[in-house]
Amino acid sequence: MKTLKTILALLIITLSAVSCSSDKDNGPTFATENPLTAYYTQTGFTTVANFVNSGDYEFGLVFTPTVKGKIKAITLKLPAINAAVRVTIWDYTSKAVLRSETLNVATADVQVSKEISELALDKDKKYMITMNSNDWYKKSKADNSNVTYPIVAGNITINEYRWLAGTTQTFPTNVSASYNAGDLSFDFQQTE
């Protein structure tokens, strides 16, 4: 009887240890977030003008994750149909292309989302996401005044908006603080 109690006690201790280590291995699960809505809210960019067939540009947002994480999907909405919008994610410092994806905007004014193979992002490192298009929404303040960057949108800090004319995949060098041409964004998930 004493041996049976000892065996049961050891079994309970073993199961408790396995259960505890299993909980640690799984770790916390973080919610997916998209910074675009918070960005527009905080900038006050509420005036919208549609631009269709208005010249080709490479344009988008410079951003910094405040935590280590990953991009899981790219989101895009345009005021016109475009079957092949090139979206690029850049290393801001080296200007290297980290990822290039093509999105199909099959319906105007409807957001599309494209899941991508996960792209790991380092905490406090600058990146940029751009698209090349001749269609976009121009969003600004009603008085066309500048916003003050950075803009904190959850775990993503938006540092600036950049643009460059042309169809080539070239790192944008022009900076504007009075508007954003979009709607281009991404789904981000913290990983630790």
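Scanning segment 116-144 for residues that are in contact with a Gly (Cβ under 9 Å, 6 or more places away or on another chain), under 17 Å from PRO35 (Cβ atoms) and surrounded by 15 or more Cβ atoms within 10 Å (Cβ to Cβ) returns LEU121, MET128, ILE129, THR130, MET131, TYR137, LYS139.
Of the residues THR148, THR102, which single one is free of Cβ contacts under 8 Å to residues at least 40 places away in the same chain, over 13 Å from the mean Cα position of the chain (by Cα) and farther than 25 Å from THR66 by Cβ?
THR102
Of the residues making up segment 97-112, just one is polar (S, T, N, Q), over 21 Å from GLN169 (Cα atoms) and open to solvent by less than 80 Å² (accessible area, probe 1.4 Å), namely THR107.
For the condition out of contact with any Pro (no Cβ under 9 Å at 6 or more places or on another chain) and of a type in the set (Gly, Ala, Ser), ALA153 does not qualify. Restricting segment 148-171 to residues that are touching a Gly at 6+ places or on another chain (Cβ under 7 Å) and buried (at least 18 other Cβ atoms within 10 Å of the Cβ) leaves a set whose member that is farthest from ALA108 (Cα to Cα) is ASN155.
The values are calculated or read from the model by the stated rules, or taken from the named source; none is laboratory data. Predicted, not measured: the structure shown is a model, and the values here were computed from it. Positions of Cβ are generated from backbone atoms using ideal geometry, with glycine treated the same way; all protein chains shown enter the neighbour counts. Surface accessibility is based on the protein's heavy atoms, side chains included, excluding ligands, DNA and RNA. Shrake-Rupley method; radii C 1.70, N 1.55, O 1.52, S 1.80 Å.
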